[in-house]
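One structure is given here, and the rest of the page talks about it.
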Amino acid sequence: MPKGSDSGRVTELLAAAVTALGGAERTGQVEMAQAVERAFSTGEHLAVQAGTGTGKSLAYLVPAISHALEANHPVVVSTATIALQRQLVDRDLPRLADALAPELPRRPEFALLKGRGNYLCLNKINGGSTAEPDDRPQEELFDAVASTQLGRDVKRLAEWSSDTETGDRDELAPGVPDRSWGQVSVSARECIGATRCTYGTECFAEKARAKAGTADVVVTNHALLAINAISDVNVLPEHDVIVVDEAHELVDRVTSVATAELSATSLGIALRRAARLVEPEMAQRLEAAIATFTSALHDEEPGRKDSLDEEMATYLTVLRDSADKVRSAIDTAPSDPKAASARTEAVTALTDLSDTATRILTSYGPAIPDRTDVVWLDREEIRGQVRVVLRVAPLSVAGLLRNRIFDQQTAILTSATLTVGGTFDAMARSWGLKFGDDDDGAPWRGLDVGSPFAHGKSGILYVAAHLPPPGRDSAGSAEQLDEIEALVAAAGGRTLGLFSSMRAARATAEVMRERLDTPVLCQGEDTTSALVRQFAADDETSLFGTLSLWQGVDVPGSSLTLVIIDRIPFPRPDDPLITARQRAIAARGGNGFMAVAASHAALLLAQGAGRLLRSVDDRGVVAVLDSRMATARYAGYLRASLPPFWSTTDGARVRAALERLRS
């Protein structure tokens, strides 16, 4: 086939791929593929909103493969979820490589690359580290059941290490808890390096990196993308273009990676690792500094810390200095090859401790707009034990994304939900792309290729305007429970209930089980994937749950004809990071509520509403049981973020429509 223009060539390849895969081209898919290829050629960043059913994976994979083979440079594809990674690596890319092979100089190669901690460490599992199985929360040291389970898990993992070809945690079935996996894995900073490791040539992580280094398309996740951006070491192969799928999740995932914490658990691990390698007196001084600091933490009130009192600053300074002295002693001690792993793990833990303490101590500028970090204290209850954690997170990751990602390569950012309030502006601001009169932002172009669904004919948006506004109590009112009962009964089950809290989901499920004749499942009663399978298999079953269901359910067909959203999903009013970001925007003259809280809610609403139509034949109702969607001044902004369903506040009309759908 003769090579034409870039867009023409990509159009030809896309047509060949669709034909080979037995599908049909869609207008939005072709438009997106051409726009992606144009962005690769011009270097201009591209944000693409592509609704469910568009076929966006093919629309970016075809030009990505074409670019990689022509430039002899890999394209990195980053996703937020394991499900999409597996879809790309196990289904889309193998089929696409076969389909395009006759049209290309050679068959394209692809690889999946994760962070080092996702792979078994043969050195650690074979005793190369002196780390003991007590590197886990203190409360579990006295829990015989947990200890026994830990031992069984580690034994199973040791046996699995000789059977697995990849050492990839996601291929272990059934899985194990994080505390068990931590006994057989290391982070990138804890690794002693392939050249120093006895198992360097057999290392699962090194094999994955080597395969990625020769691939045309490298599939990874947002967390590893963030680590690659934050650290000074390149963990991804050298590349000049990147595709960020599920891009609506990028800011939260990068923020999570850039968040650090100090707690009795993390400090205890650092102490135990270091105490084996230094003189007892030095270990005792570090232990005393940790004890004083953690005692002071328990006396602190939870919430955001806008100031650091002199006493706490002193305790934190002493803790940091003690950690630095112990780390220096380990670094300067005579090298023992047998203790290389233990030394690396101890130095890493102490460095993290010191860096986090320093970051907290330097987080208090003269005014909030000048701050780069937010500090807060959490009290978490885990199996009856209270865990106190001091956390520090970036006020914004826009600068990090701009400087370390968008200034370094061409980026394609795509998702089914990127426009908030009808525009790309909110997402562009959060990513660090050029916004308004911002001279520092990277230039970009936004494109909405629409959806193959006829939303106005296939779906109804019902806002229950007659209900009282939701109160502070997360559980639903009596009026709301009556509304849910009537809607689910009219639908004959077939309902996905999306709730703002697990408490609300569980309470509503209990009430509905008493009132309805159809089955009701609730998140937490089994694994989420098992519950979704059960929900999809029975048309009369309903499934209630919270955040992960808002974004992770793909159930086409008659099993899902009603999506209920109990309230507008605003972030918690006491969320320290959200409130700090709102205040920072307000201090610059902006509307902090609209820029942060309302944008957060709009994005989640769009994700939740997107659960309804998953194929062109689907029909149904999205019911929002929060009257503020009809009455509040921000209601229009939120509705503009949703698909263009036919809208009504007439409950009787909606129930009649649901009854017709079940017949």
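Yes/no per residue for (1) at pLDDT below 90; (2) buried (at least 22 other Cβ atoms within 10 Å of the Cβ):
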| position | (1), (2) |
| --- | --- |
| 36 | no, yes |
| 40 | no, yes |
| 49 | no, yes |
| 74 | no, yes |
| 77 | no, yes |
| 86 | yes, no |
| 94 | no, no |
| 98 | no, no |
| 111 | no, no |
Scan region 511-520 and tell me whether some residue there is of a type in the set (S, T, N, Q) and open to solvent by less than 10 Å² (accessible area, probe 1.4 Å).
no
Filter result (open to solvent by 20 Å² or more (accessible area, probe 1.4 Å), in contact with an Asp or Glu (Cβ under 7 Å, 6 or more places away or on another chain) and either at pLDDT below 80 or not in a strand (DSSP E or B) (or both)) within region 431-448
435, 443
Being among the hydroxyl-bearing types (Ser, Thr, Tyr) and over 15 Å from residue 242 (Cα atoms) narrows it down to one residue among 54, 42, 79; which is it?
54
If you check every pair at least six apart or on different chains, which have Cβ atoms under 7 Å apart with a residue in region 166-190 that is touching a residue at least 12 places away in the same chain (Cβ under 8 Å) and β-branched (Val, Ile, Thr) first and a residue that is open to solvent by less than 60 Å² (accessible area, probe 1.4 Å) and in a loop (DSSP other than H, G, I, E, B) second?
184/120; 184/121; 186/121
So for region 607-625 (the condition being in a helix (DSSP H, G or I) and either in contact with a helix residue (DSSP H, G or I) (Cβ under 7 Å, 6 or more places away or on another chain) or open to solvent by 10 Å² or more (accessible area, probe 1.4 Å) (or both)), does at least one residue qualify?
yes
Sort out which residues of region 37-60 are closer than 26 Å to residue 615 by Cβ and either free of Cβ contacts under 8 Å to residues at least 40 places away in the same chain or in contact with a strand residue (DSSP E or B) (Cβ under 7 Å, 6 or more places away or on another chain) (or both), and write them in order of number.
47, 48, 49, 50, 55, 56, 60
Can you tell me which residue is farthest from residue 113 (Cα to Cα) among those in region 156-170 that are out of contact with any helix residue (DSSP H, G or I) (no Cβ under 9 Å at 6 or more places or on another chain) and of a type in the set (Asp, Glu)?
159
Any idea how many residues of region 179-227 are more than 29 Å from residue 69 (Cα to Cα), open to solvent by 10 Å² or more (accessible area, probe 1.4 Å) and small (Gly, Ala, Ser)?
7
I'm told residue 577 meets every condition in (1) closer than 23 Å to residue 627 by Cβ; (2) under 18 Å from the mean Cα position of the chain (by Cα); (3) open to solvent by 10 Å² or more (accessible area, probe 1.4 Å) except one. Can you identify the failing condition by its number?
(1)
Of all residues in region 619-646, which are free of Cβ contacts under 8 Å to residues at least 24 places away in the same chain and in contact with a Leu (Cβ under 9 Å, 6 or more places away or on another chain)?
632
Checked pairs for region 315-328, first aromatic (Phe, Trp, Tyr), second assigned to a helix (DSSP H, G or I) and buried (at least 20 other Cβ atoms within 10 Å of the Cβ), C-beta under 8 Å and 6 or more apart or across chains, list as 315/289; 315/293
Output the residue which, of all residues in region 561-573 that are of a type outside the set (Val, Ile, Thr) and out of contact with any Pro (no Cβ under 9 Å at 6 or more places or on another chain), is most open to solvent (accessible area, probe 1.4 Å).
572
Report whether or not residue 208 is out of contact with any Lys or Arg (no Cβ under 9 Å at 6 or more places or on another chain), among the small types (Gly, Ala, Ser) and in a helix (DSSP H, G or I).
no
So is residue 134 acidic (Asp, Glu), touching a helix residue (DSSP H, G or I) at 6+ places or on another chain (Cβ under 8 Å), at pLDDT below 95 and under 27 Å from residue 449 (Cα atoms) or not?
no
Do we find that residue 359 is modelled with pLDDT of 90 or more and surrounded by fewer than 21 Cβ atoms within 10 Å (Cβ to Cβ) in this structure?
yes
Filtering region 250-283 for residues that are farther than 20 Å from residue 354 by Cβ, open to solvent by 30 Å² or more (accessible area, probe 1.4 Å) and either in contact with a strand residue (DSSP E or B) (Cβ under 9 Å, 6 or more places away or on another chain) or in a loop (DSSP other than H, G, I, E, B) (or both) leaves a count of 2
Among the residues of region 627-639, is any crowded, with 20+ Cβ neighbours inside 10 Å and among the aromatic types (Phe, Trp, Tyr)?
no
State yes or no: is residue 402 modelled with pLDDT of 75 or more and assigned to a strand (DSSP E or B)?
no
For region 75-98, indicate whether the set of residues that are over 23 Å from the mean Cα position of the chain (by Cα) and under 25 Å from residue 411 (Cβ atoms) is non-empty.
yes
Which count do you get for residues in region 284-334 that are of a type in the set (Asp, Glu), closer than 21 Å to residue 265 by Cα and not in a helix (DSSP H, G or I)?
2
Check region 480-493 and report whether any residue there is within 24 Å of residue 548 (Cα to Cα) and within 29 Å of the chain's Cα centre (by Cα).
no
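The values are calculated or read from the model by the stated rules, or taken from the named source; none is laboratory data. Remember, predicted model here, so these are calculated numbers, not experimental data. Cβ coordinates were reconstructed from backbone atoms using ideal geometry, including for glycine residues, and neighbour counts include every protein chain displayed. We work out accessible area using only protein heavy atoms, side chains counted, and drop any ligands, DNA or RNA first. Shrake-Rupley method; radii C 1.70, N 1.55, O 1.52, S 1.80 Å.
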